[in-house]
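What follows is a single structure, written as structure tokens, with notes after it.
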Amino acid sequence: MSDVQSISFERQRIEHLELKNITKRFPGVLANAHVDFDVRAGEVHALLGENGAGKSTLMKILYGLYHPDEGEIFINGSPVRIASPNDAINLGIGMIHQHFMLVDSLTVAENIALGLPSSRGLLTDLDVVSARTEMLAKKYGLLVDPGAYIWQLAVGQRQRVEILKALYRGADLLILDEPTAVLTPQEVDEFMETIRQMTEEKHSIIFISHKLHEVIAISQRVTVLRNGRRVDSCPTAGCTKHDLARMMVGQEIVMPKLTTPPKRGEVRLELKNVHAQSDRETPALRGVDLQIFSGEIVGLAGVSGNGQAELAQVVTGLRPATQGQVLIEGRDMTGKLPGEIIRCGLAYIPEERMRDGMVQDFNISENIILRDHNKDPYAKRGFLLHRVIAEFTDRLIDLFHIKTPSRETPARNLSGGNIQKVVLARELSRQPRIIVAAQPSRGLDIGATEYVHNSLLEQREKGAAILLISEDLDEILALSDRVAVVYEGRIMGILDNKDAERERVGLLMAGVHPD
Amino acid sequence: MKNFLAKINNSKYFDGFMPVLAALSALAIGAVMLLFLGVNPLVAYRAMWVGAFGSSNALAETIVKAVPLLLIGLGICISFRAKVINIGGEGQMIIGALAATAFGLYVPEMPGWLVIAMAMVAGFFGGAFWGAIPGFLKAYFNVNEILSTVMMNAIAVQLMNFFLRGPMIDPNQAELLSKIPQTARLPEAYHLARWLPTRLHAGVIIAVVLAFVVYLLLFHTTLGYRIRAVGFNPDASRYGGIRVRRQVVIALLLSGAFAGLAGAIQIYGLNYRMITDGSPTGFTGSAGFNGIVTALFGGLHPLGAIPASFFFGALLVGANSMQRISQVPSAFVIALNGLVVIFVVSSALWQEARQRKRRIAEVRDDSPPPSEPDQATQDVSV
């Protein structure tokens with residue numbers, strides 16, 4: 001036991017760690033705005049929020065991977081500077097990343113020893129490391145064989161190695177970034193037990209998650225972040241799932257109202273019993289049936305990761321359907337190339353607009369023609385007509401109020417809101433018959449969000465069939481003529497706008513039928 | 001003054017000089033090595049200069065050396081723009097040369113200009129075929145193109161050795177004991193025009209014209225647009241309806257085609273027969289590798305490749321003459337070339353870092369942080 005302690009240097013234990021007034025800006029995005037956060041010894045403090053709420057940024061600041069633009073970090077009341085992960089480790093902060101940082105071809109002990117000085121100078125001291133590791137493992141119930149190779153271990157065991165690695169380096173405070181995302185239910189139970197062990201030993205734990213029931217089960221306090229801001233912090237004991245969910249998605253912007261009833265026309269987009277797999281080759285869609293008519297907006301609500309992204313990709317031809325049919329205006333377009341589907345008049349505002357919607361190194365003109373670069377009027381006989389393209393781009397910059405020094409500016413120099421406007425300009429100027437808009441206002445400021453909403457409503461008036469995918473329930477409820485709720489790759493129910501109350505939709509989102 | 005220097009340092013145009021600076025630094029380190037060898041660097045570099053530019057003949061040799069570098073460099077511009085790393089210029093050049101040579105030797109007699117034109121086409125398609133194979137493997141079977149193009153080089157070298165020692169061997173050599181691996185000489189009528197008495201041949205015109213063609217291709221055609229889009233962002237390209245795999249094959253195919261053409265021009269402009277010394281680079285003289293450096297030196301821009309190829313041609317020719325005159329070991333010449341390559345390639349990284357820095361600075365200037373009212377907390381209690 002004394003062995004273990006000898007490694008934790010002569011510094012204070014972390015009794016109380018505070019982040020005060022942390023602000024972090026990225027080009028065009030305010031990732032953290034004046035966030036306060038603190039954690040005490042022996043406590044699990046959960047950090048809750050949607051994707052892009054700023055959880056990871058905040059923790060990366062604490063771990064020295066990013067530097068805050070404003071704000072300070074205090075340990076036991078005195079300010080500290082964390083310039084690198086090395087500083088963080090020396091202060092007793094450990095981070096377990098979502099993606100493990102282990103060398104597969106080395107043993108557990110070798111991974112733990114990696115980067116640490118050996119007690120024998122130039123010779124390795126793996127036996128010492130193994131002995132200490134086993135001791136730690138016993139103490140915290142993290143049973144792994146120090147001699148085993150990482151590639152032999154299951155995911156849950158690898159995670160234990162990561163935790164052991166941090167504990168071995170004397171971490172008093174552990175940051176767990178969505179630790180349960182990769183675990184099976186049984187592994188989750190064991191993992192929860194480990195956390196309890198660690199808090200009994202007076203370790204501090206920061207638990208990042210967006211799974212509400214886990215947060216409620218394990219944490220003493222919870223802080224909710226939304227759009228980079230701290231919404232609230234409260235003791236977990238007094239919170240229900242419901243409260244937390246509301247704080248997470250919350251309402252922030254004045255939503256537009258559907259003023260006119262939909263001028264419903266013919267069926268433009270139809271999905272029949274569509275099945276598809278996720279990137280990890282697990283079933284993501286399990287029989288989706290959905291019809292979208294001309295002149296209406298159908299909102300697809302659901303907790304993140306229930307198949308929304310895959311659904312959009314199947315419709316747009318970017319992901320194959322393993323079963324079922326996608327019909328566009330009555331024609332079977334299942335398994336057709338994205339290019340062919342585009343030609344049917346489908347516009348797609350992708351969720352990952354930086355990755356999928358834009359070629360960052362292309363300028364605005366070049367991005368504007370991404371969909372139609374080889375068609376009249378942009379090209380003739382294989383040659384690009386730069387003058388036509390330039391005129392068209394200038395018109396769109398004007399029309400969509402894109403703020404940019406010129407059309408020659410590379411897309412990567414634009415702010416998030418303006419990038420989304422370029423995507424909108426491109427997609428909506430094609431006179432789309434069907435629009436798939438995935439998280440169209442995520443990460444945008446208020447003005448840009450309203451702009452996006454109004455553009456969608458305008459297209460609805462023009463008779464486009466619109467599928468609006470969003471994790472922002474307020475956005476869905478405000479804009480949708482009908483609300484479809486997706487849960488585990490199936491449509492749980494479709495409600496008309498007037499029947500779509502928060503409670504009912506919320507229950508459906510959780511996989512519960514209200515009746 | 002300080003401000004002025006800072007301004008120069010921060011300007012975009014400074015980036016263009018960085019490869020030149022890098023090359024000069026490499027020569028400076030070479031000078032130190034020369035001192036250790038007991039050779040006066042000034043004498044050695046003077047010999048180099050004179051060897052490369054000192055006479056019309058020297059200049060002609062420099063350009064002759066530059067032609068295959070330029071052609072291969074053009075192909076590299078295309079493939080690297082698609083983020084396809086073609087290390088197979090050597091093999092593609094060999095196959096192109098083999099195809100072109102075979103055409104000239106075995107096709108029944110025709111007017112010279114027609115044979116030359118068709119031989120160029122044969123070389124083009126030979127190289128294209130050799131490039132398309134790894135392209136296809138990468139696009140449809142996810143085979144790493146660096147690995148496969150290098151392997152294709154090895155296969156091409158052995159094919160060349162087989163043909164030049166066997167089926168295609170010069171009948172005269174076949175009777176001799178020496179059996180030098182070379183083909184018969186092409187008839188006079190099939191030779192590209194030359195500016196006598198130098199060895200400068202019309203291939204240089206073809207190469208420079210093609211540089212402009214590749215420029216048009218990359219920046220003014222839809223194909224070039226697709227190739228660049230795929231190189232920058234395959235996900236967005238797919239989203240935009242571009243068939244990404246097809247562009248990968250096309251990029252490697254075109255890249256190989258230019259190398260094949262370089263091989264054909266080498267035969268019809270310079271050697272008039274295919275000949276090797278049995279070593280892997282015996283025919284190409286490493287042009288397939290140096291072409292990559294040329295393209296990088298020219299900023300992967302086809303027009304930039306013109307001066308870049310000239311520079312490397314001069315370096316290669318000048319280094320040979322330096323070796324002859326100042327009696328430095330041939331290993332030094334190789335080391336010097338290597339130094340220049342390393343410096344130039346690393347300057348590309350430096351350039352990238354500078355661009356990134358500028359970009360961040362620009363963004364900072366452009367967009368003030370969004371001012372947002374702190375109203376998030378109020379609406380929670382809905």
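General observations
- Once divided by 2.2 N^0.38 Å, the Cα radius of gyration of region B:88-213 becomes 1.21.
- Here A:Asp394 sits with roughly 70 square angstrom of accessible surface, probe radius 1.4 Å.
- For the protein assembly as shown, calculated [θ]222 nm from helices alone, where every DSSP H run of n ≥ 4 adds -39500 (n - 2.57): -15500 deg cm²/dmol
- Within chain B: Cβ-based charge dipole about Cα centre, in debye rounded to nearest 20 (Lys, Arg +1; Asp, Glu -1): 220 debye
- Per-residue SASA entry for A:Arg412, accessible area with 1.4 Å probe, Å² rounded to 10: 80 Å²
- Three-way shape call for chain B based on the alpha-carbon gyration tensor, with the a/c threshold at 1.5: oblate
- Region A:216-298 shape via C-alpha gyration tensor axes, a/c threshold 1.5: oblate
- Given charges at Cβ of Lys, Arg, Asp, Glu: the protein assembly as shown dipole, positive-most of A:Tyr168, B:Phe136, A:His275: B:Phe136
- Using the Cβ-Cβ distance between A:Val512 and A:Asp189 with R0 set to 35 Å, the FRET efficiency from 1/(1 + (r/R0)^6) comes to roughly 0.95.
- GNM result for chain B, Cα springs below 10 Å: residue of B:Gln266, B:Gln323, B:Gln182 fluctuating most strongly: B:Gln323
- When region A:362-430 is reduced to its Cα atoms, the Kirkwood hydrodynamic radius in Å: 11.9 Å
- Bins of 10 Å from zero: percent of alpha-carbon pairs in region A:473-515: 32, 60, 8
- Rounded to the nearest 20, the Cβ-based charge dipole of region A:362-430 about its Cα centre (Lys and Arg +1, Asp and Glu -1) stands at 120 debye.
- Extension reserve of the A:Glu329-A:Arg490 stretch, reckoned as 0.36 nm per residue once the Cα distance is removed: 55.7 nm
- Dimensions of the protein assembly as shown along the principal axes, based on C-alpha atoms and rounded to the nearest Å, stand at 97, 77, 60, largest first.
- Label-point gap, in nm, between A:His99 and B:Leu216 - each point 7 angstrom along Cα→Cβ: 4.4 nm
- Residues with amide H under 5 Å from that of A:Leu384, placed H, sequence gap 5 or more: B:Thr221, B:Thr222
- Scaled radius of gyration (Cα, divided by 2.2 N^0.38 Å) that region A:2-249 gives: 1.00
- Net charge, A:Phe207 excluded, C-beta distance under 13 Å - Lys, Arg +1, Asp, Glu -1: 0
- Rel. contact order, % - alpha carbon contacts under 8 angstrom, at least six apart, chain A: 15 percent
- Three-way shape label, region A:369-515, alpha-carbon gyration tensor, a/c 1.5: prolate
- Of all lysines in the structure, those lying under 20 Å Cα to Cα from A:Lys403, and not within fewer than 8 positions of it along the same chain, are A:Lys421.
- Solvent-accessible surface ranking, highest first, for A:Thr259, B:Thr294 at 1.4 angstrom: A:Thr259, B:Thr294
- Whole-Å semi-axes of region B:157-288's equivalent ellipsoid (Cα gyration tensor): 38, 20, 10
- The Cβ shell under 13 Å around A:Pro117 holds other residues with a net charge of +1, Lys and Arg each +1, Asp and Glu each -1.
- Equivalent ellipsoid semi-axes - Cα gyration tensor, region A:107-195, angstrom: 24, 13, 11
- Ellipsoid fit via the Cα gyration tensor, region A:26-124: semi-axes of 29, 17, 14 Å, each the root of five times an eigenvalue, largest first.
- Cross-link partners of A:Lys202 among lysines (Cα-Cα below 17 Å; sequence separation of 8 or more within a chain): A:Lys138, A:Lys139
- Distance (nanometres) between label positions extended 7 Å along Cα→Cβ at A:Tyr149 and A:Met135: 3.0 nm
- Here the Debye sum runs over all C-alpha atoms of chain A as equal scatterers in vacuum, and log10 of I(q)/I(0) at q = 0.07, 0.08 Å⁻¹ comes out as -0.46, -0.60.
- Partners for B:Lys83 among aspartates and glutamates (Cα-Cα distance below 20 Å; same-chain residues under 8 apart left out): A:Asp356, A:Asp361, A:Glu366, B:Glu145, B:Asp235, B:Glu352
The values are calculated or read from the model by the stated rules, or taken from the named source; none is laboratory data. Everything numeric here is computed off the predicted structure, so don't read it as measured data. Here the Cβ is made from the backbone with ideal geometry for all residues, glycine too, and neighbour counts use every protein chain on show. These accessible areas exclude ligands, DNA and RNA; they are computed on the full protein's heavy atoms, side chains included. Shrake-Rupley method; radii C 1.70, N 1.55, O 1.52, S 1.80 Å.
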